[in-house]
Amino acid sequence: MPTSLPAQMPVKAGTATHCPYCALQCGMNVAVGETVTIVPREDIPANAGGLCQKGWTAGELLASGERLTTPLLHGEAVGWDEALDFVAGRIRTLQEEHGPNGVAVFGGGGLTNEKAYQLGKFARMVLRTSQIDYNGRFCMSSAAAAAGRAFGMDRGLPFPITDLAGADAVLVAGGNMAETMPPFMRHLAAMRGGGGRLIVIDPRVTATARQADLHLQPAPGTDLALALGLLHIVITEGHVDEAYVAGRTNGFGEIRTSIAAWWPERVERITGVPIAQMRLAVGILSDASRAVILTGRGVEQHAKGTDTVSAFINMALALGLPGREGSGYGCVTGQGNGQGGREHGQKADQLPGYRKIDDPAARAHVAAVWGIEPEDLPGPGRSAYELLNALGTEDGPRALLLFGSNPVISAPRAGHVTERLGSLDLLVVSDFVMSETAAMADVVLPTTQWAEEGGTMTNLEGRVLLRRQAAVPPPGVRSDLEILRGLAVRLRGPEGFPTGPREVFDELRRASAGGIADYAGITYERIAAETGVFWPCPSEDHPGTPRPFLDRFATADGRARFVPVEHRPPEEDIDGDYPLYLTTGRVLAHYQSGAQTRRVAALNAAAPEAFVELHPDLAERLEVSSGQRLRVVGRRGAAEAVARVNRAIRPDTVFMPFHWAGANLLTNPALDPVSRMPEFKVCAVRVERAG
């Protein structure tokens, strides 16, 4: 699809690369001349020749008239030296006054592996701060935590995505891939075309649910109870794979005892899902020779998200699915590098290779690669929301360097987060457009975007892919690697901060060697020749690991672990003042905070504004109709949007997309005690006519 570019835009020939959006990392060929032409690649299995509207129109970002091309200091255009000198000087002053943790770093799940790695290294080696986390904490952290404690490893899909087409049944809990990553659906369509059956769990009748053979529609915040009820049926009605459980797992005895309290009638009262539907879902899964259970943000973005995912994993283990070719459990990772971004050190508790920062052996290994002493590495820091909440407080950071994120729109309790950002002594944002967060910054540093830089991305399968540079960036723009080097030179010295992605990746390979996410055997040449390499890959003669659990799990004894969990209500339940549930999500045309997609004309035309989806019965009680403006009021704020009346939503629930300012003014920052995931997906509100 062609897109016009400014006449002065430097050009390169067509290049095989990847889409800038979701974790499928769809392959595309990008030809840049007077126009940008995008053609989907057939050689990347995740999309195999398909693209969604966001991918087809991604070239418009290169031509956007809203591109930032010069550094801004207090809103005024300045040169790079002046901007970086100012930032470095303020960092020195603030750390002298408040210590190393007086400066924080916030990254993003869309950064390449090289940038995520270098960002973590910069924070810990140059700034020596523990205060670093990233927006991926808001996405996959609950599923990651649950997979880690069950399997000893978190890899979104521990099998190739193409396995789905050969399944006899797939259960999707809290995922709407038909809108969030449409090319994913071709794998489910192939499964159904071969006689397989699709089960979807979602409070809304989403585009994905409309394609399902069975749709379970629980009340928001009750997914854990539903998973426990399904597991109760698996156990009490004879569907457990006893040989698998005995041979490949630990802890089932405690599960068998604890699940007794979750009989179907009780679960029906809590969730609203009929017993007959629960039994049908279990029957479909247990009758299948090959079955897969997938979770998405809908069941994960809760203060009990880790336990909810654990309950679905427990069911998968009871049925004997994980570690069997063609079957298993997987998390549908969302952000473009949501997998790789959580592996190499931009998380508060993590070092490269998915190592724990409080593990002495991990600290010694990474310190040796970086040429420092292990004691020079800081310890764990605050998680994403806790970090944002601490900004500008007495014992919190006084400065924030932000890369690849827009928390003014995307953070829970966004109004409060905006206040915290406004209280800082220094806010520095690296971005290629003036996002809502960048507009607040003391310093804005214009950076390259997807087609203007090289590097690697790791998609939802754990397949490491090569993003090739397809266009030369506009004059005045620098890459994040160049920005980090520029600051490192001013604060510490030039050693250890190259600007070439390949050189950074080679160091990442050494730093990850021996870790859970071992990239040691992955090279740019191998990625290009093999169209991606699955980690772990410990040596260059290792084939990569598309299915890591076939022989053993990544636990000490090689067995998967059942984890007992108990349902609990939402942190904020409905009452007389706030009688409705609010749930949030995405729409087909937009991505994350919308900073990119709201600047693409075709996407903005397809979805120009936020809306409130409500059931006709609720609309009748409120005496409103589609198109009227509504005010949604919660305990943390209020937001206005137009009404969209349809039967896709439960009568006790309203839905708002989070791509615009509004929805996250209302969401609840209550945190999961394990993953530190906020409760984005359910809070209590009331709805009234605006004005």
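The values are calculated or read from the model by the stated rules, or taken from the named source; none is laboratory data. As the structure is a prediction and not an experimental result, all values here were calculated from the model. As a convention, Cβ positions derive from the backbone with ideal geometry for all residues, glycine included, and neighbour counts pool all protein chains shown. Just the protein is used for accessible areas: all its heavy atoms, side chains included, with ligands, DNA and RNA removed. Shrake-Rupley method; radii C 1.70, N 1.55, O 1.52, S 1.80 Å.
Things worth noting here:
- Segment Asp573-Glu42, length gained on full extension (0.36 nm per residue, minus Cα span): 186.4 nm
- Think of the chain as a dipole: +1 on every Lys or Arg Cβ, -1 on every Asp or Glu Cβ, centred on the Cα centre; then among Gly102, Ala291, Asn459, Ala291 lies furthest on the positive end.
- Net charge, Gly229 excluded, C-beta distance under 11 Å - Lys, Arg +1, Asp, Glu -1: 0
- At an R0 of 30 angstrom, the distance between the Cβ atoms of Glu609 and Met440 translates into a FRET efficiency of 0.85.
- Computed lengthening from Arg635 to Glu394, 0.36 nm per intervening residue step minus Cα-Cα distance: 84.2 nm
- If only the Cβ of Lys and Arg carry +1 and only the Cβ of Asp and Glu carry -1, the dipole of the chain around its Cα centre is close to 740 debye.
- Among Ala554, Thr584, Ser626 the positive-end extreme of the charge dipole of the stretch 498-638 (Cβ point charges): Ser626
- Of the beta bridges in the chain, as assigned by DSSP with both residues counted there, near 50 percent are antiparallel.
- Cβ-based charge dipole, the stretch 139-252, positive-most Cα from Leu198, Thr162, Tyr244: Thr162
- Within the stretch 652-685, backbone nitrogen closer than 18 Å to the virtual label 7 Å beyond the Cα of Gln628 toward Cβ: 652-655
- All other residues whose Cβ lies under 14 angstrom from that of Leu391 are scored, Lys and Arg at +1 and Asp and Glu at -1, for a net of -3.
- Candidates per GluC sites (Glu not before Pro) in the stretch 476-510, loop by DSSP, up to 12 other Cβ within 10 Å: Glu495
- Charging the Cβ of each Asp and Glu at -1 and of each Lys and Arg at +1, and nothing else, the dipole of the stretch 381-465 about its Cα centre rounds to 180 debye.
- Stretch gain in nm, segment Thr69-Val489, where the contour uses 0.36 nm per residue and the Cα spacing is subtracted: 149.0 nm
- The listed peptides 252-262, 159-169, ordered by packing as a protection proxy, come out as 159-169, 252-262 (highest mean of other Cβ atoms within 10 Å first).
- Based on C-alpha pairs under 8 angstrom that are at least 6 apart in sequence, the stretch 400-552 has a relative contact order of 15 percent.
- Spatial separation of Cα centroids for the stretch 527-579 and the stretch 74-125, in angstrom: 32
- Per residue accessible area of the chain, 1.4 Å probe, in Å²: 32
- The chain - percent of accessible surface contributed by carbon and sulfur, probe 1.4 Å: 49
- Comparing Cα centroids, the stretch 611-672 and the stretch 206-275 end up 30 angstrom apart.
- Taking each of Lys304/Lys356; Lys115/Lys347; Lys121/Lys356; Lys54/Lys347 in turn, the alpha-carbon distance tops 19 angstrom for Lys304/Lys356; Lys54/Lys347.
- Dipole in debye (nearest 20) - the stretch 28-139, about Cα centre, beta carbon charges: Lys, Arg +1; Asp, Glu -1: 460
- Environment charge at Leu73 (Cβ cut-off 9 Å; Lys +1, Arg +1, Asp -1, Glu -1): -3
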